[in-house]
1. How much FRET efficiency would the formula 1/(1 + (r/R0)^6) give for A163 and R136, where r is the Cβ-Cβ distance and R0 is 30 Å, rounded to 0.05?
2. Two decimals is fine: what is log10 I(q)/I(0) at q = 0.13 Å⁻¹ for the stretch 109-219, from a Debye sum with one equal scatterer on every Cα and no solvent?
3. Taking 2.2 N^0.38 Å as the expected size of a compact globular protein, what ratio does the Cα radius of gyration of the chain give against it, to two decimals?
4. Which of these, C256, C98, C25, has the largest mean-square fluctuation under a Gaussian network model of the chain (Cα springs below 10 Å)?
5. Tell me the angle of helix 114-124 to the major Cα principal axis of the chain, expressed in degrees between 0 and 90 and rounded to the nearest ten.
6. Could you list which residues have their amide H under 5 Å from that of V66, counting only those 5 or more apart in sequence or on another chain, with H placed in the peptide plane?
7. What is the extension gain from T265 to K243, computed as 0.36 nm multiplied by their sequence separation minus the C-alpha to C-alpha distance, in nm to one decimal?
8. Give me the three principal axis extents of the stretch 1-52 from the C-alpha atoms, as integers in angstrom, largest value leading.
Amino acid sequence: MASFRISLPSKGRLAEDALAFLAACGLPVYKPNPRQYEALLPALPDLKVLFQRPGDIVASVADGSVDFGITGLDMVLEKTPLPTPLLILHDALRFGGCSLYLAIPEAWDDVWTLDDLARKATTLGRPLRVATKFPRLSGAFLQRHGIPHALISAEGTLETAPAIGYADLISDLVASGQTLRDNRLRPLEAGRILDSQAVLIANFATLKRNPAARSLARHLLEFIEAHLRASDNYSVFANMRGKSPHEVAQRIFDHCTIRGLQGPTLSPVITPGGNGDWYAVHVVVRKDEIFQAVNQLRAIGGSGVVVTPVTYIFDEEPPRYMALLRALEGETPPPLPEILPGRS
């Protein structure tokens with residue numbers, strides 16, 4: 001019987017990406033019945049999987065009915081009770097990317113800056129009516145920039161609000177922007193409120209009082225960080241002739257800028273004729289350094305160069321787990337990150 005629970009998005013692109021991400025981390029979700037709202041993580045049998053709407057995930061982790069959750073940063077900053085009862089364990093899972101923007105009618109060809117937007121309110125002689133599903137984030141942004149406004153809470157499709165006439169502009173998540181264009185709206189570049197992506201969250205009180213929950217958090221972070229670090233890197237192998245492994249390594253140090261995580265790994269190559277002056281060289285390099293590494297190794301005698309993806313790179317201690325332990329030293333969770341664009 002699972003002792004802890006993690007909530008994942010129940011539908012849509014975020015749900016699909018969350019399942020694919022966990023599988024890539026070595027944590028595939030087993031859901032035999034697609035209609036069920038529960039599943040298992042075979043790699044972590046003490047963790048039951050639930051499926052909820054992104055906003056409900058935040059509420060469940062905040063009240064402690066669920067221990068962990070994966071949802072969008074936008075939902076965390078919008079829905080979390082203040083002061084926050086939860087902790088962001090990982091703030092950059094690299095999927096679910098989008099931005100919260102103010103979007104205005106294309107016909108407003110005199111509005112390009114926030115000052116222009118404030119003048120538009122003066123021209124209309126009233127506060128701007130803003131339809132949004134993110135009243136906390138949108139209201140704080142508009143207030144901070146001194147733009148007279150009245151928030152209109154809305155569910156469902158926002159893009160039609162200006163055309164229908166119950167709002168002047170909207171504040172909504174934008175990915176490609178095609179839906180805005182289809183409705184003759186455009187994102188106001190100066191009105192970028194938040195850049196969001198999927199994050200891993202946990203209930204602070206559960207982690208603080210329960211060592212088993214902290215151990216589970218470490219396992220999650222170990223696999224997530226090992227996968228994310230590996231996804232940026234490739235292994236490069238080459239055969240190289242030399243008098244000794246130290247001589248080959250020195251040649252790499254003298255002539256290559258690519259040296260691996262700590263340095264190259266060398267091992268003897270056993271040739272059919274028993275010629276012992278060949279060594280296999282292995283270095284881990286960033287994806288954008290592959291061709292540089294291949295060319296440099298060939299320039300100093302490397303041959304038979306092979307490049308393969310890396311599945312995991314485990315640190316001695318996961319940096320975000322160490323950050324978690326530091327956060328738990330306090331009696332209350334750290335405040336939510338203040339990362340809104342235009343804050344300065």
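1. Details: r = 26 Å, r/R0 = 0.86.
Taking R0 as 30 Å, the efficiency between A163 and R136 is 0.70.
2. -0.58
3. On the way: Rg = 25.8 Å, N = 344, 2.2 N^0.38 = 20.2 Å.
Cα Rg divided by the expected 2.2 N^0.38 Å: 1.28.
4. In the Gaussian network model the winner is C256.
5. 20
6. Hits under the 5 Å cutoff: V61.
7. Values: separation 22, 0.36 × 22 = 7.92 nm, distance 1.58 nm.
Net length gain for the segment: 6.3 nm.
8. 29, 23, 17
Each reported figure results from applying straightforward, stated rules to the coordinates on display, with no laboratory input. Quick caveat: nothing in here was measured; it's all calculated off a predicted structure. All Cβ positions, glycine included, derive from the backbone under ideal geometry; neighbour counts span all protein chains shown.
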